[in-house]
Amino acid sequence: MDIAAPGNNGGKWAREVLEFGWNAMNPSVLARSAGIAVLALAVAAGARAGLLVDTGPGPGAPGGIGGWRLDSTQFLAGEFQLSSPATITGADIWAETYFGAGGELDVSLFSGGPAGSLLGGGSTTVPAGDDAGWFGVSGLDISVPAGTYWVDFSTPVLGWGDTPTSFLAGPPLAPVSPLSDYQYTNGGFWNDYPGLDIGVQVYGISSVPDCPGTSLMLACGLIGLGALASRRSRWILV
């Protein structure tokens, strides 16, 4: 098919049209267009990965740990709130091994209190002699609505001949952003202690509620993908 235009500049016009068509189908142009469209869709979806809760290790840390013992006779827990639905993927406590012992650290997520409904959790092995740092589990997949939850930190209950696992938890001073409440076990029962102030991190993917402009960005993303598909099929010369 011949491409022409009225007037003396028909040949130049035809070359520009062919050039535009080639550029539209150029892989690098298509990739950039697809990337922009997908980015718009991702932003519109409102999913954010990262820290959901972060008390911080506290002023002066690292370089010391508070005197809260974490072992088979005393578990520690903290309460936190999520303002939007989220998928929790992990949780850490700021701690160090007690006398360098190391061992197993268990992390559990609950709703309805530290001994409420178990949502999930996991365990990790902390090497002996580890200094103060964030210890915990990752790879969780716990989807929850907005609400109040608890994260529990514990060690295995000892059996005859078992090697004890023991940690010191909590910063030397109060964390930067303490949780709303804390509890610890004594004789197998949970006790409220708001001043426990252990350092806690909970991370995952948060679903941000829709806000003005989000729907527009979603529409732009869909339009971009539609235009991309149209552009690929429009400039076919026969």
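Tabulated data for the structure shown
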read-out: Subset of segment 124-143 (residues that are in contact (Cβ under 8 Å) with a residue 40 or more places away in the chain and not charged (D, E, K, R)); value: VAL126, ALA132, GLY133, TRP134, PHE135, GLY136, VAL137, SER138, GLY139, LEU140, ILE142, SER143
read-out: Any hit, segment 80-93, residues being more than 19 Å from the chain's Cα centre (by Cα) and under 26 Å from VAL176 (Cβ atoms); value: no
read-out: Qualifying residue in segment 227-236 (condition: of a type in the set (Phe, Trp, Tyr), surrounded by 14 or more Cβ atoms within 10 Å (Cβ to Cβ), over 21 Å from GLU104 (Cβ atoms) and at pLDDT below 85); value: yes
read-out: Count - residues of segment 91-114 that are in a strand (DSSP E or B) and at negative phi; value: 15
read-out: Candidate set from segment 116-141 (those that are modelled with pLDDT of 95 or more and either assigned to a loop (DSSP other than H, G, I, E, B) or of a type in the set (A, V, I, L, M) (or both)); member that is nearest to GLY170 (Cα to Cα); value: VAL137
read-out: Residues that are at pLDDT 95 or above, among the hydrophobic types (A, V, I, L, M, F, W, C) and over 24 Å from ASP192 (Cα atoms), drawn from segment 52-106; value: ALA86, ILE88
read-out: So PRO175, is it modelled with pLDDT under 90, touching a Phe, Trp or Tyr at 6+ places or on another chain (Cβ under 9 Å), buried (at least 16 other Cβ atoms within 10 Å of the Cβ) and not in a strand (DSSP E or B); value: yes
read-out: Residue that is farthest from GLY139 (Cα to Cα) [pool: residues in segment 107-123 that are out of contact with any Phe, Trp or Tyr (no Cβ under 7 Å at 6 or more places or on another chain) and buried (at least 16 other Cβ atoms within 10 Å of the Cβ)]; value: SER108
read-out: Looking only at segment 179-198, and only at residues there that are among the polar types (S, T, N, Q), outside any loop (DSSP other than H, G, I, E, B) and in contact (Cβ under 8 Å) with a residue 40 or more places away in the chain, the one that is nearest to GLU79 (Cα to Cα); value: GLN183
read-out: When residues of segment 85-114 are limited to those that are in contact with a Ser or Thr (Cβ under 9 Å, 6 or more places away or on another chain) and aliphatic (A, V, I, L, M), the one nearest to TYR184 (Cα to Cα); value: VAL107
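The values are calculated or read from the model by the stated rules, or taken from the named source; none is laboratory data. This one's a predicted model, so the numbers in the text were calculated from it and none came from an experiment. Positions of Cβ are generated from backbone atoms using ideal geometry, with glycine treated the same way; all protein chains shown enter the neighbour counts.
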